[in-house]
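To start, the structure under review is shown below, and the notes come after it.
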Amino acid sequence: MFVLAFAGISAFAIAQDASVPVKKYSVATNSFWSNWFITVGGNYNAFYGDQQHGLGLNNSPFKDYRRDWGFGLGIGKSFTPGFALRTKFSGVWGKAVVSEKCADNKAMKNYFSINEQAMFNMSNLLFGYNENRVWNVIPYVGAGILRNCTSNTYALDATAGIMSTWKLCKKVDIFLDGSVIMAEKKADGLYVDHTASLCLKNYDMIYSVEAGLKINLGKSNWSKVPDVDALMAMNKEQLDALNASLRDAQAENERLKNLLANQKSITETKEVVKKEFAATMQSVFFNINKSKIASRKDLVNVQEVAKYAKENGKKILVTGYADSKTGSKAYNQSLSQKRAEVVANELVKMGVSRDNIIIKAAGGVNDLSPISYNRRATVELQ
């Protein structure tokens, strides 16, 4: 008599996505020792002194007699997925000449620069953090000091560049970096007292392209912040489904009590209840986009239908459904077919002949509210 009183409770296993909803642009703060990285690379640089500005293409910064090899070494820390600070050492070799005619007169041959740089990961800033993203674009700006070892001079400088990184594995990326250093005009050791106002012509420039490895140290990923509003909405949907099932169970229990009170024979009453219960449509629920039964408890009521069908030689109709708000029409048709077949297989395990089972796929529907109730298969006697 109490079978139906608890039958509806299994409906709380409503189809839900197993993953926790998260915010796209928010992450949890990591410790100070997390998200450190090292960059190591080789560069090809071209020096362009202030004396050479405005002298035409024949004196452009990309002439062979201006180019030389160098390397870069940096250490930095990401404070958020979109912002990092890096201290970078670069240089060692460089050519500073006024023209091709005096290419042997290298006013600057050995140098190095140390810069503090602010880096902005535009991929994460624009599209949200993604731990599995392969390509990241990272512009940066910075300032520091340049040391001309050959001429024994120091000069303040500013730098700007764009780094592209490609993920090799969790700890290692490869990168390609294009940058420019703008230093005081005394950097090349050929100081000329320009009387013009401050402009690019009064600065020495170093253009470089660098390739190498970015090595992530310690914890390098970020944990997404759960979307509290979405979680509350999910929980409310589950509570609403549970409350609705309890109300239905209570109403059915009351109906059975009244039915028993009006019957002359307890035996006859039990038989009537059994027949009515077996004739009632039973539901088996599934998670979103899944054809695996969400809760095995749903099969308790299906067993009663299977038993009655076997004892009375009845056929059973199994109808599969999907919610119409998720997936295409063709996908939902296929998913509802799979759900019906899964329940039919369970009936066979319970002893029902396959010949006595009819399978029907209803596709995507929006018959019940909340929408998650439509992710189910129904079982009923024919």
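The values are calculated or read from the model by the stated rules, or taken from the named source; none is laboratory data. In this text, all values refer to a predicted model and were calculated from it rather than measured experimentally. Here the Cβ positions follow ideal geometry from the backbone for every residue, glycine too, while neighbour counts run over all protein chains shown. With ligands, DNA and RNA removed, areas are computed over all heavy atoms of the protein, side chains included. Shrake-Rupley method; radii C 1.70, N 1.55, O 1.52, S 1.80 Å.
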Original post:
Which one of these is within 25 Å of LEU242 (Cβ to Cβ) and open to solvent by 80 Å² or more (accessible area, probe 1.4 Å): SER369, SER324?
Top reply: SER369
**OP:** Could you tell me which numbered condition THR165 fails, if it satisfies all but one of (1) under 23 Å from TRP93 (Cα atoms); (2) modelled with pLDDT of 95 or more; (3) surrounded by 15 or more Cβ atoms within 10 Å (Cβ to Cβ)?
**Re:** (1)
Subject >> Tally of residues being small (Gly, Ala, Ser), open to solvent by less than 50 Å² (accessible area, probe 1.4 Å) and part of a loop (DSSP other than H, G, I, E, B) across region 284-321 >> reply: 3
Subject >> Residue selected from region 25-43 under the condition in a strand (DSSP E or B) and at pLDDT below 90, by the criterion surrounded by the most Cβ atoms within 10 Å (Cβ to Cβ) >> reply: VAL27
Original post:
Do the conditions hold for SER113, that is, is it open to solvent by 20 Å² or more (accessible area, probe 1.4 Å), hydroxyl-bearing (Ser, Thr, Tyr), in contact with a Ser or Thr (Cβ under 9 Å, 6 or more places away or on another chain) and at pLDDT 90 or above?
Top reply: no
Original post:
Just a yes or no: is a residue in region 375-382 under 17 Å from ASP298 (Cα atoms), open to solvent by less than 70 Å² (accessible area, probe 1.4 Å), free of Cβ contacts under 8 Å to residues at least 24 places away in the same chain and not in a loop (DSSP other than H, G, I, E, B)?
Top reply: no
Subject >> Search result, residues across region 322-331 that are within 9 Å of VAL365 (Cα to Cα) and outside any loop (DSSP other than H, G, I, E, B) >> reply: ALA322, ASP323
Original post:
Within region 82-110, restricting attention to residues that are at pLDDT 90 or above and not hydroxyl-bearing (Ser, Thr, Tyr), which residue is farthest from the chain's Cα centre (by Cα)?
Top reply: PHE89
**OP:** From ILE181, ILE174, grab the single residue that is open to solvent by 60 Å² or more (accessible area, probe 1.4 Å), modelled with pLDDT of 85 or more and not polar (S, T, N, Q).
**Re:** ILE174
Subject >> Residue that is farthest from the chain's Cα centre (by Cα), among those in region 135-155 that are of a type outside the set (Gly, Ala, Ser) and modelled with pLDDT of 95 or more >> reply: ILE145
